[in-house]
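The values are calculated or read from the model by the stated rules, or taken from the named source; none is laboratory data. Please read all numbers here as calculations on a predicted model, not as lab measurements. Because the Cβ atoms are built from the backbone with ideal geometry, glycine has one as well, and the counts that use them run over all protein chains shown. Surface areas here come from the heavy atoms of the whole protein model, side chains and all, with no ligands, DNA or RNA. Shrake-Rupley method; radii C 1.70, N 1.55, O 1.52, S 1.80 Å.
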Amino acid sequence: MLEISNLDHTYGSGPGAHHALGGIDLRVTQGELVCIVGPSGCGKSTLLRSIAGLLKPTGGTITLNGTPVDRTPDDLAVVFQDYSRSLFPWMSVGDNVALPLRRKGMDRGQRRAAAEEALEQVGLAGASGKYPWQLSGGMQQRVSIARALAYRPSLLLMDEPFGSVDAQTREDLEDLTLRVRNHHNMTILLITHDIDESVYVGDRVVVLAKAPATVVGDLRVDLPGPRDQITTRENPAFVHLRAEVGRLVRGMRSHPAAAS
Amino acid sequence: MLEISNLDHTYGSGPGAHHALGGIDLRVTQGELVCIVGPSGCGKSTLLRSIAGLLKPTGGTITLNGTPVDRTPDDLAVVFQDYSRSLFPWMSVGDNVALPLRRKGMDRGQRRAAAEEALEQVGLAGASGKYPWQLSGGMQQRVSIARALAYRPSLLLMDEPFGSVDAQTREDLEDLTLRVRNHHNMTILLITHDIDESVYVGDRVVVLAKAPATVVGDLRVDLPGPRDQITTRENPAFVHLRAEVGRLVRGMRSHPAAAS
Amino acid sequence: MTAAAMRFLRVAGRLWLVPVVLVAWEVATRTAEDIFFPPPTVIASRMHELWFSGPAQHLWLTEGALENIPTSLGRIFSGWLLAGVIGIALGIMLGRSERFSQFVDPIIQFGRAIPPPALLPLFLALFAIGTQMQVATIVFGIIWPILLNASDGARHVDRLHLETASAFGFSRGQRLMRVILPSAMPKIFAGLRLSLSLALILMVISELVGSTNGIGFQLLDAQRSYDYPGVWGSIVLLGVLGYVLNTAFLAAERRILSWHRTANQTT
Amino acid sequence: MTGRSPLSSRLLCGAAGVAGLFCVMELAGRSGLIDPIVFPLASTVVSRAAALAADGEFLADVASTLGAWAAGLLIAVLVAVPTGFLLGTLPRVEAALRPVLEFLRPIPSVALIPLALLLFSDRFDMKVAVIVYAAWWPVLINTMYGLKDVDPLAKETLRSFGFGRMAVLWRVSLPSTAPFIATGVRLAAAIALILAISAELLAGGASGIGTFIIEAGGSPDALEYIIAATIWAGIIGVVSNSLFTLAERRLFHWHLARTGGTR
Amino acid sequence: GSDTPTETTAANAGGLEKTELTVGALPIPDAASLYIANKRGFFKEEGLTVTIETVQGGAQAQQSLMGGSLDATQTNYVSTFLAVSAGNKLKIISDMYQATPNSFNLMVPKGSDIKTPADLKGKKVAVNSKKNIGTLAVTSVLKAHGLAETDVEFLEFPFPEMAGKLQQGVVDAAWMTEPHLTAVQKNIGATKLADTMTGPTADFPIAGVVVTEDFASKNPKTVAAFQRAIAKAQEIAAADRKAVEEILPTYTKIDAATAAVITLGTFPTSLDETRLQRVADLMLEQGYLKSAISAKTILPGASG
Ligand SMILES: Nc1ncnc2c1ncn2[C@@H]1O[C@H](COP(=O)(O)OP(=O)(O)OP(=O)(O)O)[C@@H](O)[C@H]1O
Ligand SMILES: Nc1ncnc2c1ncn2[C@@H]1O[C@H](COP(=O)(O)OP(=O)(O)OP(=O)(O)O)[C@@H](O)[C@H]1O
Ligand SMILES: [Mg+2]
Ligand SMILES: [Mg+2]
């Protein structure tokens, strides 16, 4: 579905230039949930923005369902890392969630209902009349998740979507994401810093190395589904994978094949 | 040093009002590092803002070193949850970090050196000439940590300061915080969603319950110092405490005494 | 392609509309044959005669040009600078102090709506006739965009920026110079740019009364002598001056607000 | 926030400010600092202005000026905002038009009135044209600067959901620029009033505040009349500005809440 | 609007090309006959509906003529000749106002050192508009006292502000007309230095009504009707000062008491070519005109 080959990006030019992506190759099939982990500042968000067509990479190609991405592809949703700035302060929370649904040709009532439902799923029932700036950080983050999920995109890009919520809510949101993915056969790319999370939630975990970013590991997560917060995390395969990813992120190579 | 009694805050008035804090009592002594955990949207940031004098609570009192807080106290630093908006886009990263140091009576060269040092400590050596919007999310968060640490305040308030960085960096920053605290005898209040972190880093963990926030648990962390990422986390006392905090956050009381 | 050729093409790309407009104007006026609307070539030759037919050692400027253009420019600049300083200072005070603004706001809104020519008698009473009075008129006429935009910019600083400033115990001066001023800067610049061209307009108005030199005076003189090419020449001169000033202003703005431009760039 | 109504305190403080200015002017006149022959006493002028309020003819003048003012301002805003968006979003168009626009901007509208007289056979049209010419600049410039201030992430958010240029313009750029455009409109409102009066002053006509001032010019008490009429212009300015501010507060409460508006 | 259909019919019977006229007038005594004619129905009798609009000055009014928002306007003759010499095609259709002694004086502040116009050398003189009747008249006085136009500095101020300027010493003398002349004597005790309407400017023609040449040639009957109405009003104004005093407060802010004491000019009852020629000649002599203009060319009937 999504094919990225030799993706390269340099910010700026001249002496202040920053080579952020250094030839990334990645292939994601329909319905897959790929987690991307890597050190802070390595280029994960840059990669995501390129896929979303929000940034024109300086090299390489991205194709989505066979067509090259040169503008924002259709049927895509993004949960931005800087979620608070991506909500519109002049709209109520409900309107923020409902707005993209216009593109789906829903009428007013349907949009409203879908928004309410999505907000309820992320634990914000009753907040739809408030404004984003009346919510706490974690609540804002959940609004932006609700907005993306309500949209039911075929490709969903999430940039550290669960970073500002408490452990309990985080688990609930992870499970919600898995549920929605299964129901609607979405393809999801999820950036996270939580290694446990990446293994728990992902079908694959891609590890990026730093400056310029390259893929240093690409691990298939073969855990029995449906996943469950308690049993899955106790599974020895989970514990093993998590240690493996941890080592990769810390720069120790687990076995030669994983190195790029 | 810091005494909070019966703190109460309601946002807005009339039918849209939100009762965020419902009588919080808390006492922090000089040099203590208190972690605050609680579900998303429970009122942690509200509490922090009240202590920083940025928000006038609707009830209760806060005293710092004997004087009531009605405006921002001296010698205080804050790492805001919304770190990216708290950096000034018109200044370079180095200037952002160096600016508050003027208050400390440092001259230009000293300020510059202190900023460079703080940036290096958070792993951003060489970034001081860049602008905040040229950095990744996690890097911006580290700039705001560097700014706070370089300032060497006697009271440091941190609102989910390590949420956007990778696991490795997170551990480094935790240790850095502990080191700086020990060197300069700072008092620190740290809000986090990571229960492990709260136990690892804190002298005490305070658990807040939701809507309106009240203190439902206040656990002393009696772990041998100096702490260490590997040995401390393997300590049975650590494992026990972390389970305890987890239960409290999830709303199950561990034992009657912990309830407020 | 050489850098010089590139630069030339860039400038040409920016200015292509100018000759188009000029030709259209020439054709339209030549066909209309109205004495009130002389063709640009006639205007140009009148401008040449008025200002640019002087001796070589004066850079071909005539005495009329040397007398009138620098005086007027002097008035514009001193008026604009003064208005900038007063407008920014007062605007920020208004934006940051609710109290102060409550007391002064009606007076300001009142002053804003008063046609500057109507206040000429007051300025004539308060200031010495001549440049002082004219500068006062210019300041009064152009200060409003700066004042309003500055107070708006200062009032609407991102709350978290202010909170950061208080959390770190910024002094009043730092808060002002490092937080409020930079974040209000884009708006202040919009105000400054507006008032720069307003300054030209007000310069003309202020030279309409009790004045003996300046571009505005020449315009008036041409008007009452029924010298239509002269009138148009003065108007064109004002336009050209305005264009030059604005270009210089934009160049300065680009340097000062560079963070702003790149920070808000969309990819 | 204090307990008492912010509106009444606003009115009280404003009144105090105005009273203060009045006293200063009156004292300056009485002490001889400003010769009353040169600039009449504040009390004389104010009583003259008060008398005008009961003068039916003057009220008709005011109504006539306000008509042209409202029409001119409305047209100016309707033309300037779309143009500002066009120029703000299409840099190439802006680059091509800039020399022409920047050439036109400093041309005094007052100098254009004689030309407008030649072009328009209807006085009202002439007034409106001159007002539009002068009043659209602040709206245009503020719109363009406001557009530069739009958070790029907000725009990207909508784009990522597949919305087109127009939708982004309409749903993100417009609302987030709106408060700044509103400031431009407030600036333009005052300029429009000034131009309405100036146009009447230069061109004459059957009625209008400017015409009133011309008529007063033949009187020995001309200065008093002129300044009294000017006071009414100022009052119109204060009232219209308060209305605009009120509307802004209602429309852009989100803007105030997010920025340090209440501090 | 034409409110009474009967009159429109009457007008059409008279063959008028245009029955509704908009006429510009300045709020000064010069325009009295226009208002008298309107008030007493002289225009109506001729089948004309005249709307009088206030204008600020001759130049703008002429532009309104060209633009079409005015059909005719009051203007002073100096402006008219200047405009004609610049190529404007104008016709004077009625004479309205003529100077009398002491109607336009040079004033100096109380206790001024300037005793005769000869003392004005190097001094500042306020006029309402440069290159117009004020400078023309003052210059002719200067010439009579052996000075030239360049020996003084002329500054422009509106009439109402001149008192203040004299008082402040911004100007040393001011050329003024009624009602300001009376007011300045009363308010600041200013004194008369010279009457500027003597010698070459004695009984000088001041103001009349102009239309565009185009208008005059297209609407000869309307113009004639207008002239007849104005002539009737001029006769009343010339003969009966009370009539003028009565009409003044209706279109200016001059009150009845002031109207009773000010010095008025005279209201000529016919349009006389030779009188107008004096203006053109004096302007030529003082360099206001580059070449001679025959007054005849700007009277209706002659093609200019
Ligand atoms: N607009 C920009 N201009 C210049 N450099 C940039 C810009 N945006 C990002 N960078 C640089 O590119 C690198 C990668 O940034 P990116 O945001 O992709 O990192 P990331 O992997 O998402 O990090 P994090 O986990 O901290 O969010 C960083 O080193 C950053 O400094
Ligand atoms: N400006 C405001 N107006 C109205 N309600 C607000 C405002 N700010 C916060 N609240 C409400 O107060 C409650 C507590 O908010 P707060 O930001 O303190 O939560 P938090 O504990 O920091 O949550 P998180 O972990 O998600 O950041 C939330 O329910 C929020 O909706
Ligand atoms: Mg990122
Ligand atoms: Mg919070």
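Mind checking Rg over Rh on the protein assembly as shown, alpha carbons, Kirkwood formula for Rh?
On the way: Rg = 39.2 Å, Rh = 36.1 Å.
The Rg/Rh ratio comes out at 1.09.
Assume the label is 7 Å from Cα along Cα to beta carbon: what separations in nm does residue A:27 have to the matching positions in the other copies?
Between copies, matching label points for residue A:27 lie 6.6 nm apart.
Go from 0 up to the bin containing the longest alpha carbon distance in segment A:17-171, width 5 Å each, and give me the % of pairs per bin.
Spelled out bin by bin, segment A:17-171 gives 2, 9, 17, 20, 19, 15, 11, 6, 2, 0 percent.
Hey, with R₀ at 56 Å, roughly what FRET efficiency would residue C:67 and residue A:30 work out to, going by the Cβ-Cβ distance, to 0.05? Provide the component values of the computation, followed by the final result.
On the way: r = 80 Å, r/R0 = 1.42.
FRET efficiency, residue C:67 to residue A:30: 0.10.
Ordered by residue, what ³J(HN,Hα) values in Hz, to whole numbers, does segment A:234-241 give under the Karplus form 6.51 cos²θ - 1.76 cosθ + 1.60, where θ = phi - 60° and Gly and Pro are x?
With coefficients 6.51, -1.76 and 1.60, one gets 8, 4, x, 4, 4, 4, 5, 4 Hz.
Pop the C-beta distance of residue C:132 and residue B:250 into the FRET formula with R0 = 60 Å and round what comes out to the nearest 0.05.
Working: r = 76 Å, r/R0 = 1.27.
E(calc), rounded to 0.05, equals 0.20.
How many nm is it between the label spots at residue B:211 and residue B:107, if each spot is 7 Å from the Cα in line with the beta carbon?
Placing both labels 7 Å beyond Cα along the Cβ direction yields 5.8 nm.
Go through segment C:74-81 residue by residue and turn each phi into a ³J(HN,Hα) via Karplus (6.51, -1.76, 1.60, θ = phi - 60°); whole Hz please, and just put x for glycine and proline.
x, 5, 4, 5, 5, x, 5, 5
Give the separation of the Cα centroids, segment E:142-216 to segment C:136-164, in Å.
Result: 46 Å between the Cα centres.
Counting only other chains, and only Cβ atoms inside 10 Å, what mean value do you get across the residues of B:151-158?
The per-residue average across the peptide is 1.
Counting only protein heavy atoms and rolling a 1.4 Å probe, how much accessible area do B and C lose on contact, total for both sides, in Å² to 100? All intermediate terms of the calculation are to be shown ahead of the outcome.
Details: alone 12220 and 15880 Å², together 25960 Å².
Its buried surface, counting both partners, is about 2100 Å².
Distance from the Cα centre of segment D:195-234 to that of segment C:67-121, in angstrom?
23 Å
Count the DSSP beta bridges whose two residues both fall in chain E, then state the antiparallel fraction as a percent rounded to the nearest 5.
Numbers: 20 of 34 bridges.
Taking every DSSP beta bridge with both residues in chain E, the antiparallel ones total about 60 percent.
May I ask for the distance between the Cα centers of segment E:227-304 and segment B:41-62, given as a whole number of Å?
The distance from the Cα centre of segment E:227-304 to that of segment B:41-62 comes to 83 Å.
Restricting attention to segment E:206-304, which trypsin sites (Lys or Arg not before Pro) occupy a DSSP loop and are surrounded by at most 13 other Cβ atoms within 10 Å? Mind showing how you got there, number by number?
Working: sites: E:218, E:221, E:228, E:232, E:241, E:242, E:253, E:275, E:278, E:290, E:296; in loops: E:253, E:290.
Those that pass, being in a loop and sparsely packed, are E:290.
Within 10 Å of each Cβ in peptide B:214-227, how many partner chain Cβ atoms are there on average? Round it to a whole number, please. Before the final figure, lay out each step's value.
Values: counts 0, 0, 0, 0, 0, 0, 0, 0, 0, 0, 0, 0, 0, 0.
The mean count of partner-chain Cβ atoms within 10 Å per residue comes to 0.
For residue D:44, what charge total do you get from the other residues with a beta carbon under 15 Å from its beta carbon, if Lys and Arg give +1 and Asp and Glu give -1?
Working: positive: D:30, D:48, E:253; negative: D:26, D:35, D:221, D:224.
My count for the surroundings of residue D:44 gives -1.
Give me the orientation-averaged projected area of the Cα convex hull of chain B, in nm², one decimal.
14.4 nm²
Using label points projected 7 Å from each Cα along Cα→Cβ, tell me how many nm separate residue E:102 and residue D:100, to one decimal.
6.2 nm
Setting aside same-chain residues fewer than 8 positions from residue D:155, which aspartates and glutamates have a Cα under 12 Å from its Cα?
Partners within reach: none.
Normalising by the residue count of chain D, find the relative contact order in percent from Cα pairs under 8 Å and 6+ residues apart. Kindly include the intermediate steps, with their values, before the conclusion.
Details: 253 pairs, mean separation 62.8, N = 263.
Over chain D, the number comes to 24 percent.
Bin width 5 Å, alpha-carbon pairs only: give the P(r) of segment B:87-152 as whole percents, running from 0 to the bin holding the largest distance.
Per 5 Å bin, starting at 0, the Cα pair percentages come out as 4, 22, 35, 25, 11, 2, 0.
Enumerate the amide H contacts of residue E:294 below 5 Å, restricted to partners 5 or more residues apart or on another chain; note that Pro and chain-start residues carry no placed amide H.
none
Which distance in nm do the two modelled labels at residue E:192 and residue C:56 give, with both placed 7 Å along the Cα-to-Cβ direction?
In this crude spin-label approximation the distance works out to 6.0 nm.
Calculate how many DSSP beta bridges within segment E:1-152 are antiparallel, expressed in % of all such bridges and rounded to the nearest 5. All intermediate terms of the calculation are to be shown ahead of the outcome.
Numbers: 0 of 8 bridges.
Roughly 0 percent of the beta bridges in segment E:1-152 run antiparallel, per DSSP.
Determine the per residue accessible area of the protein assembly as shown with all protein chains present and a 1.4 angstrom probe, expressed in square angstrom. The partial results should precede the final answer.
Numbers: 52370 Å² over 1354 residues.
I get 39 Å² per residue for this part.
Show the residues, 5+ positions off or on another chain, whose built amide H is closer than 5 Å to the amide H of residue E:152.
When sequence neighbours closer than 5 places are left aside, the close amide H contacts are E:122.
Sorted from largest down, give the three principal axis spans of the alpha carbons of segment D:59-259, whole angstrom values.
Result for segment D:59-259: principal-axis Cα extents of 69, 38, 22 Å.
Suppose R0 equals 56 Å. What FRET efficiency, 1/(1 + (r/R0)^6) with r the Cβ-Cβ distance, do residue A:240 and residue A:67 give to the nearest 0.05?
Working: r = 39 Å, r/R0 = 0.69.
Step by step, r from the Cβ atoms, then E = 0.90.
Loop only by DSSP, 11 or fewer other Cβ within 10 Å of the Cβ. Give me the chymotrypsin sites (Phe, Trp or Tyr not before Pro) in segment B:99-207 that pass, ordered by residue number.
Working: sites: B:133, B:151, B:162, B:200; in loops: B:162.
Passing sites in segment B:99-207 do not exist.
For segment D:176-263, how big is Rg over Rh, using alpha carbon atoms and the Kirkwood form of Rh?
Values: Rg = 17.6 Å, Rh = 15.0 Å.
Ratio value, two decimals: 1.17.
Given the protein assembly as shown, what percent of its DSSP beta bridges are antiparallel, to the nearest 5? Walk me through the intermediate numbers first.
Details: 64 of 114 bridges.
Taking every DSSP beta bridge within the protein assembly as shown, about 55 percent pair in antiparallel fashion.
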